[in-house]
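Peer 1: Let me begin by handing over the structure; questions about it come next.
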Amino acid sequence: MARTAPSLGLSLWRSAPFGRPLPLLAGLLAACLPLVFLHVRYQPSLEVRAGSTVVGVQLSDLAILAVVGAGLAAALALGLSPLRTSLPVWGAAAAFLVLVGASTLHPLAWRQDYAFLTHLVTALKFGEYALIAPALALLLRRRWTLDLLVATVVAWSAAATGWGLLQFLGAVPGFEGAGAGRRAPSFLGIHDLAALSGAALAVAVAVLALGPSRPRDKSVAWLAGVAGGLGLVLSAALAALVGVGLAAATALGVAAARGALVARRAATLALLVGLVTAGVVLMRSGDIGDFARFLGLGQRREGGVETYTQRTLLAYIGLRIFFDHPLTGVGWQGSGEPESFRPYLAAARRRFPGAPSIAFPSAAHPWGVQNAYLQAAADMGVLGLVALVAVLATSFVQGARTARQAPRAVALPTLACLGWLLVASGTWNGVGLVAGIPLLALTWIAVGALAACSALARQAGDGRG
């Protein structure tokens, strides 16, 4: 009988000089992952002109292509079975990406000013990052591969926090307005540092909730708690903090469902999250106070842009765009174009009379909606919003079920990865749908890792784990 492609691929891999493929491929993943969590200003890049649009190829793009290639190699050598346990997730992801493509094309039929080539490039990069998820599902086939992924995230978070601390102290220069005593972007960016730090903190939360399954889990949890907590305080992103709160609540719920909830560990978890929350609120006290004054609680200050006032203003414009284009939206990334937001500027100025002119979007400062969920609705209509939520929801449901039911060796990394998904979901409330950023990578890493956890849990249930 002729060999199937997977068995033939496995035979070729094992006859190669480097032997079994999984350690090599997992090592490649660990080497490439930090490059994805790196701001574009710190990456070498190549710019290619395509008509009126410049296409930038960064080091992170090459890292993603290497991870996708490793996933394909794993599929050839070891088969596609890890994908079969997550069909609802892949269906939701495919539907979302199809809608991204459709919303990039349909404005050509009714808008002459739509920057099609520019938005096509961002749509393709969005799709490129989505390939991380199935690649990870194919690569993370053993518990030790999950441990390697978690350790890489925690270690890179520690490095990012250390650099951010130096920026906060004024020892090294920053960007995005960073300086001594101010919010630190590290080498990622404010919200991306928050997402990575929140992901590390979620590892500590998972260990505190379920307890360590092996001695080294305690060391990882200590590093994750310190690096993640301090990094989140330095970034001071409230949206990511919301995600951490959801991760903590979910972890406690899973621990209770498994009968593993211990009062001492739960109290330590609550103390850790409480300390981080206090630190973030202290760092953002000025912005929170400005927003309170905007709501009428106290005397308002005159002057610069108030962060949460502007976010409310931009959300109002995004909702107006969605209400007028509920079915199709205005096209992928279209909500940031002047032709889309200009009709609502007069109403926005009447509704927010105290906001400075710079807070309103303009051709020079498009700003965007700055909320992924509202932008999905404004750009792609109600189906786009539903598809985005479906990706996150199906992955969450799968991860929560695995964390409750899987053997403890699999449940612990599953709970950590579930925390990554919730941190990313929370952080998207403060960031628009920007292609090529670390937050987008973390989202798809969480989706792929949870799919891998589900496959490992099934293997364990079948007696093959």
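Each value in this text was obtained by applying a stated rule to the coordinates, not by laboratory testing. Keep in mind that this is a model prediction, so the values were computed, not measured. Backbone-built Cβ (ideal geometry, glycine too); neighbour counts: all protein chains shown.
Peer 1: Working only with C-alpha atoms, what are the Rg and Dmax values of segment 187-296, expressed in angstrom?
Peer 2: 14.9, 53
Peer 1: For segment 318-465, taking Cα atoms only, what is the radius of gyration to one decimal and the Dmax to the nearest whole Å?
Peer 2: According to the Cα coordinates of segment 318-465, Rg and Dmax are 19.6, 65 Å.
Peer 1: Just for the Cα atoms in segment 89-154, what are the lengths along the principal axes, largest first, rounded to whole Å?
Peer 2: Principal extents (largest minus smallest coordinate, Cα): 53, 24, 14 Å.
Peer 1: How many Å³ per residue does the convex hull of the Cα positions in segment 17-96 occupy? Present the calculation step by step, with values, prior to reporting the outcome.
Peer 2: Values: hull volume 12.8 nm³, N = 80.
So the per-residue hull volume is 160 Å³.
Peer 1: Output ³J(HN,Hα) for segment 404-411: one whole-Hz value per residue in order, computed from phi by the Karplus curve 6.51 cos²θ - 1.76 cosθ + 1.60 with θ = phi - 60°, and x for Gly and Pro.
Peer 2: My calculation for segment 404-411 gives 6, 9, 6, x, 4, 4, 9, 5 Hz in order.
Peer 1: Taking every alpha carbon pair in segment 138-200, what does the distance histogram look like in 10 angstrom bins from 0, in percent?
Peer 2: P(r) over segment 138-200, rounded to whole percents: 24, 41, 21, 11, 2.
Peer 1: Rg/Rh for the chain to two decimals, with Rh computed the Kirkwood way over all alpha-carbon pairs.
Peer 2: 0.98
Peer 1: Based solely on its DSSP helices, what 222 nm [θ] is calculated for the chain when runs of n ≥ 4 H residues each add -39,500 (n - 2.57) and the sum is averaged over all residues, nearest 500 deg cm²/dmol?
Peer 2: Here the helix-only value at 222 nm equals -22500 deg cm²/dmol.
Peer 1: Output the 0 to 90 degree angle, nearest 10, between the alpha-carbon long axis of helix 143-168 and the longest principal axis computed from the alpha carbons of the chain.
Peer 2: That helix lies at roughly 30 degrees to the long axis.
Peer 1: Answer rounded, prolate or oblate for segment 350-436, using the Cα gyration tensor with square roots of eigenvalues a ≥ b ≥ c: rounded when a/c is under 1.5, else prolate when a/b is larger than b/c, else oblate.
Peer 2: Prolate, because a/c is 1.5 or more and a/b exceeds b/c.
Peer 1: Run the numbers for R142 and F175: contour at 0.36 nm per residue of separation, minus the present Cα-Cα distance, in nm.
Peer 2: In short, 7.9 nm is gained.
Peer 1: Sort out for me the Cα centre separation of segment 32-88 from segment 383-399, rounded to whole Å.
Peer 2: When both Cα centres are located, 22 Å separates them.
Peer 1: OK, next. Let's test the formula: R0 of 35 Å, r as the Cβ-Cβ distance of A94 and L327. What FRET efficiency results, to the nearest 0.05?
Peer 2: Efficiency for this residue pair is about 0.95.
Peer 1: Right, here's the next one. For segment 46-172, list log₁₀ I(q)/I(0) at each q in 0.22 Å⁻¹, using the Debye formula over Cα point scatterers of equal strength and ignoring solvent, two decimals each.
Peer 2: Treating every Cα as an identical point scatterer, log10 I(q)/I(0) equals -1.24.
Peer 1: So if the hydrodynamic radius of segment 123-255 is defined as the Kirkwood radius over C-alpha pairs, what does Stokes-Einstein give as its diffusion coefficient at 25 °C and 0.890 mPa s, in µm² per second?
Peer 2: Value of D from the Cα-based Kirkwood radius: 157 µm²/s.
Peer 1: Cut-off 14 Å, label point 7 angstrom out along Cα-to-Cβ of V54: give me the residues of segment 150-187 whose amide nitrogen falls inside.
Peer 2: Zone members listed by number: none at all.
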